[in-house]
Every structure is written in structure tokens, then in C-alpha cells.
Amino acid sequence: MDKEGKEKRGRGSGEPRHPMPEQDPRARTGNFDEVALGYREEDAVAEASRCLQCRKKPCVAGCPVEIDIPTFIASIEKGDFLGAAAKLKEKNNLPAICGRVCPQETQCEAECTLGKKGEPVAIGRLERFAADFEAAQGNVPVPPVLPPTGKRVAVIGSGPAGLTCAGDLARMGHQVTIFEALNAPGGVLTYGIPEFRLPKSIVEREVEYIRSLGVEILLDQVIGCTTTLQELLDSGYHAAFIGIGAGLPMFMDIPGENSPAPTS
Ligand SMILES: Cc1cc2nc3c(=O)[nH]c(=O)nc-3n(C[C@H](O)[C@H](O)[C@H](O)COP(=O)(O)OP(=O)(O)OC[C@H]3O[C@@H](n4cnc5c(N)ncnc54)[C@H](O)[C@@H]3O)c2cc1C
Ligand code: SF4
């Protein structure tokens, strides 16, 4: 494609985002496998080439963990897919999970300049692509971990909050142990979000990455029952992070709270 053609059909042209390949609906009816199949390399490069590389980076302001979105997208456009994955992991310990289930449409993509007149850059799909590409190479590099601080931290709960906190603290050089009540890590990622949307193998892969940073994960540990928080702190932990989710509903105990929703 000549330069002029690229300008017309690519960057800033109002071209819609590149669709993500999906399972054929007839095949989907017979399995619980992931529906979205992820970008191929050519899809990812084409989608990345839509990014305007805005100087003010509004998309970054929409990202809760402040990923340098234009830079990771520029790496994909250049074909440096591992560079893109490394850039993502500077800020996000769980990119393959977030690339699949983060509500990008109300976060980074909601702020994307292209979204003002057309469709925003498919930032989530590109994040997923880079993370999956790196994993497919079979040798996920462990980023630099700062020298040991001598501080021990107990992280209670291994959902996305606990895993993220543990990964960040480990990279700062702290010694981190996650205490998880259930017999598998991941929280709602493991037992709530269905396989066709977030495969368990992806969660297991990113939990392994957290372990590779030096985080220990102890299962079947109901803090408050098997051990109390105070006992943990008395046993040498310098701090604790409580990330136990919202597993139980709170009822107001008022008349009618169990009534069926009104139909119009
Ligand atoms: C069906 C479903 C689908 C969802 N889909 C999406 C989606 O597509 N996108 C999205 O962004 N969000 C989605 N969410 C919301 C998302 O899953 C939650 O916001 C997220 O999991 C919260 O993370 P967390 O780490 O705070 O808690 P959780 O994921 O709930 O993890 C808490 C962990 O703490 C453990 N724990 C609890 N008590 C103790 C204790 N006393 N001692 C030790 N461990 C303990 C639990 O066993 C659990 O593993 C969905 C939620 C549900 C229920
Ligand atoms: S706002 Fe959109 S177009 Fe601009 S740098 Fe971010 S992703 Fe690219």
C-alpha cells in the first residue's frame, strides 16, 4: 500500500476497528471453549496502525494502572510484539486476563481520541494479543526484581486484587505470601467468569507468572478461621493486604426485599 493509501485507510481515516476472529456460531453450540479467538499478527499490526500516537495520551488517563498505551501499540505496529508485552508488564501483572475481561469500553477506550468521531483503537484486543504472543514463545521473561528489603507481607485473597498487589510488592523486593481460602488461586477469575470468556488455562498461566516473581501462594487458608490476622502479624509479617472480594451479599433486613422485580 502506498503512503497516501495508508493515510486514507489507516491512521485517523475513520476506518472501523479490525474485527477479532471468533468461533463459528455452529461450532460454539457444541463446546464451552473461548468464543473470541484473538488477533492474528496481521490483524494486530493493522489495528495498531490506526493509533494516532496522541501527544497527551488520553487513553492512559483512562487506564486504572496507567499502562503506556501508545508506546505498547507502537511496538506492535513495528512488529516488536515482545517489546509490547514487556511495556504492558511494566504496569500490569495480568495482561492476558485484562486484555480479555477488563471493561475497556468504559476505561481506556472510552478516552481514545478516535472514539470521538468513530471507533476507538481496540486497546484490549491488542493487549490480549501481545500477552498471548509472549506466552506462545514459551519462555516468559521475569522482569527485574529489586533487592530484598527484608520486609514480609501477607496478602489475603488471591483474586485479581491480591495477585496484583502481591506481584507489585514482590517486584519492589518484599517477601510476599498469599493466603487463599479456596483450593485454587484466582478468586472470581477462576470460579466466576466462565471458560468461554476467560479460560482457566489463561488464569493459571498468569498465576504462574506471579509465582515466578517469588510470591508464595498457600491454599486452603481461611484467614480469620485457620489463622487470625493478628496471628499473622505476630508471626513476623510486617504488613497485610486484605483482598477478599465481595463474596457474601449484604441484606438490609427490610420487608419486601425478597419480592420479585416489578414487570412493566
Ligand atoms: C460471574 C462474574 C463475572 C464477572 N465478569 C467480569 C468481567 O468480565 N470483567 C470484569 O472486569 N469484572 C468481572 N466481574 C467482577 C470481577 O470478577 C471482580 O471485580 C473481581 O474478581 C474482584 O477481585 P478481588 O480480588 O477483589 O476479589 P475476588 O475475585 O472475589 O477474590 C477474593 C479472593 O479472596 C478469597 N478469600 C475470601 N475470604 C478469605 C479469607 N477469609 N481468607 C483467605 N482468602 C479469602 C476468596 O476465596 C477469593 O479467592 C465478574 C464477577 C462475577 C461474579
Ligand atoms: S487516545 Fe487512542 S489514538 Fe490516541 S494514543 Fe491513545 S489509543 Fe492511540
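Points to keep in mind about this one:
- Residue 263 vs. criteria in a loop (DSSP other than H, G, I, E, B) and at negative phi: yes
- Among the residues making up segment 114-154, those that are over 30 Å from residue 238 (Cα atoms) and of a type in the set (Lys, Arg) are 116, 117, 125, 128.
- Residues that are under 17 Å from the mean Cα position of the chain (by Cα) and either closer than 23 Å to residue 85 by Cβ or within 9 Å of ligand 1 (Cβ to nearest atom) (or both), drawn from segment 106-116: 107, 108, 109
- Failed criterion for residue 155 (all others in (1) more than 21 Å from residue 85 (Cβ to Cβ); (2) in contact with a Pro (Cβ under 6 Å, 6 or more places away or on another chain); (3) of a type in the set (A, V, I, L, M, F, W, C) hold): (2)
- Restricting 11, 50 to residues that are at pLDDT 95 or above and part of a loop (DSSP other than H, G, I, E, B) narrows the list to 50.
- Candidate set from segment 17-53 (those that are more than 23 Å from the chain's Cα centre (by Cα) and either among the polar types (S, T, N, Q) or under 21 Å from residue 201 (Cβ atoms) (or both)); member that is nearest to ligand 2 (Cβ to nearest atom): 28
- Of residues in segment 117-141 being in contact (Cβ under 8 Å) with a residue 12 or more places away in the chain and more than 17 Å from the chain's Cα centre (by Cα), the one nearest to residue 95 (Cα to Cα): 141
- Selection status of residue 163, outside any helix (DSSP H, G or I) and in contact (Cβ under 8 Å) with a residue 40 or more places away in the chain: no
- Annotation: of all residues in segment 219-240 being surrounded by 15 or more Cβ atoms within 10 Å (Cβ to Cβ) and either assigned to a strand (DSSP E or B) or without any contact (Cβ under 8 Å) to a residue 12 or more places away in the chain (or both), the one that is nearest to ligand 2 (Cβ to nearest atom) is 240.
- Residues (among the aliphatic types (A, V, I, L, M) and over 14 Å from residue 70 (Cβ atoms)) located in segment 89-121: 94, 96, 97, 101, 110
- The set of residues from segment 35-47 being buried (at least 17 other Cβ atoms within 10 Å of the Cβ) and either in a loop (DSSP other than H, G, I, E, B) or within 16 Å of ligand 1 (Cβ to nearest atom) (or both) comprises 38, 39.
- Residue check for residue 181: out of contact with any Lys or Arg (no Cβ under 8 Å at 6 or more places or on another chain), assigned to a helix (DSSP H, G or I) and at pLDDT 95 or above: no
- Candidate set: segment 165-222, residues that are under 25 Å from residue 151 (Cβ atoms) and polar (S, T, N, Q); chosen: the one nearest to ligand 1 (Cβ to nearest atom): 221
- Listed by position, the helices (runs of 4 or more DSSP H) contained in segment 53-150 that have at least 1 residues being under 26 Å from residue 199 (Cβ atoms) and at pLDDT 95 or above are 69-78, 81-89, 95-101, 108-111, 123-136.
The values are calculated or read from the model by the stated rules, or taken from the named source; none is laboratory data. What you see is a predicted model, and the numbers here were worked out from it, not measured in a lab. Heads up, the Cβs are rebuilt from the backbone with ideal geometry, glycines too, and the neighbour counts pull from every protein chain shown.
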